[in-house]
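One structure is given here, and the rest of the page talks about it.
Coordinate-derived values only; no laboratory data. All values reported here derive from a predicted model rather than from experimental measurement. Here the Cβ positions follow ideal geometry from the backbone for every residue, glycine too, while neighbour counts run over all protein chains shown.
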Amino acid sequence: MDKRSFKSRYQLACNRKSFLGLTRESALKGLFGGNAFVSIVVLGLITLFLFKEGAGFFGQYRDSLLLYRQSGLEYVELMRGQQNALSALTRYLNSIRSRQVEKLAEEGYDFQESRAITEESEDFFYDFEDLAVPLREHVIEANEILSAARDSYQEMQNLSEHRKSLLESGRQDEADALEIREIDFALFFDIVKSRESEYIEINENLIRGIEEILPSVPYFGDAELQAKTERFKELAEMFIEEVSKFEENVLAWERARSVPISEAFTSFIFGKKWVTNSSIQDWYGLIPLMSGSFLVALVAMFFAVPLGIGAAIYVNQVARSLERDLIKPYIEFISAIPSVVIGFFGIAVFGTLIREVSGWESLAWIDFFPISERLNAFTAGGLLALMAIPTIFTLAEDALNNVPLSYKEASMAMGSTRLQTILRIIVPTALSGIISAVLLGFGRVIGETMVVLLCAGNRIEIPRFAEGIGVVFEPVHTMTGIIAQELGEVVHGSMHYRALFMVGLVLFLISLLINYFAQKIVMKFQISRG
Amino acid sequence: MSLVSLRLQKEIKMDTPAVDSQRVDRNRPLIRISDFDFSYGDKQALFDINMDIAEHKVTAFIGPSGCGKSTLLRCLNRMNDLIESARINRGKVEVNGVDIYDERVDATELRKRIGMVFQKSNPFPKSIYENVIYGLRIQGIKKKSQLDETVERCLKGAALWEEVKDRLDTSGLSLSGGQQQRLCIARAMAVGPEVLLMDEPCSALDPVATAKIEELIHELKNDYTIVIVTHNMQQAARVSDQTAFFYMGNLIEMNATDQIFMSPDKEQTEAYISGRFG
């Protein structure tokens, strides 16, 4: 005790204040370390949650595909494919007819006169349409039988679920009262299969019918219509050839084939259809959404990359300090605009503006103008560019700023102009930083939701890339948009619900990859400086 | 290119000693600075500088930090144009009788004539070969034979050829500090300047590398007019023919180097040289 009251300098050092066994330093360390820990844990939880919710999807999807096959609906779908090809042909013929009527009206014929003129083509049209009837009826009948079987199967499934829950809650009597039948798909399918000879006969008649009728295609004096009818003939002959292929597929189809889990996986990743709440079969294919997302992102990057990098070069290398102080905060302010406001602007102003501009006579030479949809990939992409510009600008400007001033001086001292210095020294030196800025901008665009949901048009179909550059004016749906749109309305735990989680997981992986590569490139950039 | 810069170019070419070395008066000033006031924003950096820099001599600028010697050096090839707030208040700088701050003079053309080597070696992150020919590339010269010839000539001129001839395609940044600085000198020579401005070229180098650069300066004197800024007074004494002493933005004294170091006219100069301040 006595010794302790003697305060030496040595003792003072041991007397640090502590609270709950923590000194101030360790408390601070704990605080900041805790913050870092919490963010890592949250990230981990999000990943886990996504995986957990998404993981059940493939099993469910496989079951669904298996049901689709076992019930024989897949078989009907094959025949329906043929039917659809035939109706496409009919539609084409119809478009020729309506064009003819249109032309006659333009030339000043009245209704009666044009009726008389079109009589011949009219007859041909009806004859052709009649050819399609037997096939259509065959498909409808087969579909009715098989979907009735599928529906009662699902009903029985529900009943047995119900029974299980009754048994669990101990209500034996009620459970026993439920009448549960076994549905044997084979019985129903055999009925349909037994009528296969009819199908073959229908096809024979169809081919014969088309071949008979084809020489009597009406003749139009008009060059445009004549070209179209020639095209129609070609298409009809192509269809005749295809019939045997359709038939082959239908006959070769086997009900007993099982569905491996990999098939569920590939039909999700490479599936070309996203159809929900269908009476026949739900399809969860990623391609329409992914291609939509990337199309929108490409449009956005097309604008954002040159603008963002150009602005960064200007601000960093050319602008006077007064300009820099003005421009920089302005561009960075764009990222503070809520995305829903930008989407609002897109619907109210930008989309309408684009459609109006596309209607200008002076732009009529562009073959996909005027556009029909106000909300399309271009509208969304243009607005997303606005959101990517601040990201690209800020990061690219940082990269340019990291180029040592001495490089610029050395280049200028050798008599190069400012432009030469920028293009030959500054930009190449900062290139990897600029590339990673672009990548991160791309990540920002791919992950953006509100603007695409409001402005992309939300049509779930693969954009027709074959049409060339005009594809950007098609309405599309995106991975982010579909989650935002559908997740609120699906049944918790259903296949649809899990499919949306899988889409989320894919998005997560994409942005993870983008960030990873951006980091890699930045690291390479730092090393090359060495 | 403006008329004046054409004239400037022509005059410099006509007076190039390689063409007609017999006739040239070796003491005639190539650069004349008269009544020169210069400021960064509100802060005046140079006061009333008057100075002649002779052709084919080495001129050293000495003085304590912040005395304006580097600023004046950068005024000679208009590198201060890059600084937004830089302003000339009075006076002019003439090269061969042409005022280089005349608005008709093309600064890039001027800088091709007056090359510069910086305090910190700053090769570009490109190959050694590309570093040397950068000045030719920006002039649009693509002929391989001419580029090869220039690389060899300039690297030999900068006493670097033997060390790097086998690895011309490696990065300029892979060289040692002294080699990098000589690469920068070679790079400046490739453009074909008449004047080389050196801003403390040895301050970041070890004594061996410094000795090599100093030796190089001696040799370069035959072909170039050299202006060197240095903190190292022994270096100024070793390499220069004439020396200018600056203090607080003023030119205190300028004279032949021997004169300055043996018997300076001004007391301040003597105090600085003998190490009593600065």
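A few notes on this one:
- Per residue of chain A, the DSSP helices (runs of n ≥ 4 H) give a summed -39500 (n - 2.57) that works out to -24500 deg cm²/dmol at 222 nm.
- Efficiency of FRET between A:L45 and A:E486 - r from beta-carbon atoms, R0 30 angstrom, step 0.05: 0.80
- Residues of region B:217-254 with amide N under 19 Å of the 7 Å Cα→Cβ point at B:S274: B:233-234, B:237, B:245-247, B:252-254
- Structural descriptor for chain A: relative contact order 17 percent, calculated from alpha carbon pairs under 8 angstrom and at least 6 residues apart.
- Region B:108-249, relative contact order in percent, only Cα pairs under 8 angstrom and at least six apart counted: 33
- A dipole drawn for the protein assembly as shown from +1 and -1 charges on Cβ atoms has a positive end, and of A:T118, A:L214, B:S85 the residue lying farthest that way is B:S85.
- Cβ-based net charge around A:G310, under 15 Å, with every Lys or Arg adding one and every Asp or Glu removing one: +1
- B:E109/B:R87 FRET efficiency (R0 22 Å; Cβ-Cβ; nearest 0.05): 0.50
- Note: relative contact order over chain B, using C-alpha pairs below 8 Å and six or more positions apart, is 25 percent.
- Hits among aspartates and glutamates - C-alpha to C-alpha of A:K228 under 17 Å, sequence gap 8 or more where chains match: A:E102, A:E120, A:E122, A:E237
- Between 0 and 90°, nearest 10: helix A:495-529 axis offset from chain A longest Cα axis: 40
- Considering only A:G382, A:A264, A:Q485, the residue lying farthest towards the positive end of the dipole of the protein assembly as shown is A:G382, judged by Cα position with unit charges set on Cβ.
- Counting only aspartates and glutamates at least 8 places from B:K156 when in the same chain, those with an alpha carbon closer than 20 Å to its own are B:E130, B:D148, B:D166, B:D169, B:E194, B:E214, B:E215, B:E219, B:D223.
- Residues A:V318 and B:D166, FRET efficiency given R0 of 41 Å [Cβ-Cβ distance, rounded to 0.05]: 0.50
- Given B:K165/B:K221; B:K57/B:K142; B:K69/B:K212; A:K29/A:K524; B:K120/B:K142, the pairs whose alpha carbons are separated by over 27 Å: B:K57/B:K142; A:K29/A:K524; B:K120/B:K142
- Neighbour-limited loop hits for GluC sites (Glu not before Pro), region A:172-241 (at most 12 other Cβ within 10 Å; DSSP other than H, G, I, E, B): A:E179, A:E182
- Here region A:297-487 is assigned +1 on the Cβ of each Lys and Arg and -1 on the Cβ of each Asp and Glu. Its dipole about the Cα centre then comes out at about 480 debye.
- Pair A:I207, B:S145: separation of 7 Å Cα→Cβ label points (nm): 7.4
- Taken along the Cα-to-beta-carbon direction at a fixed 7 Å, the label points for A:S216 and A:E373 span 4.1 nm.
- Burial ordering of A:S71, A:S406, fewest other beta-carbon atoms within 10 Å first: A:S406, A:S71
- Counting every other Cβ atom within 10 Å of each residue's Cβ, A:V38, A:V451, A:V490, B:V117 order from fewest to most as A:V38, A:V490, B:V117, A:V451.
- Multiplying the residue separation of A:E122 and A:A252 by 0.36 nm and subtracting their alpha-carbon distance yields 43.0 nm.
- Proximal lysines to A:K193, defined as alpha-carbon separation beneath 26 angstrom and excluding residues fewer than eight positions away on the same chain: A:K245
- Taking other Cβ atoms within 10 Å as a rough exposure proxy, A:L439, B:L147 sort from fewest to most as B:L147, A:L439.
- When chain B is treated as a GNM with alpha-carbon contacts under 10 Å, the residue of B:P207, B:P123, B:P193 showing the greatest mean-square fluctuation is B:P207.
- Partner shielding of A:414-426 amounts to 5, given as the average count of beta-carbon atoms from other chains within 10 Å of each residue beta-carbon.
- Environment charge of B:I133, counting only residues whose C-beta is closer than 12 Å and scoring Lys/Arg +1, Asp/Glu -1: +4
- Dipole magnitude for region B:94-135: computed about the Cα centre from +1 point charges on Lys and Arg Cβ and -1 point charges on Asp and Glu Cβ, it is near 340 debye.
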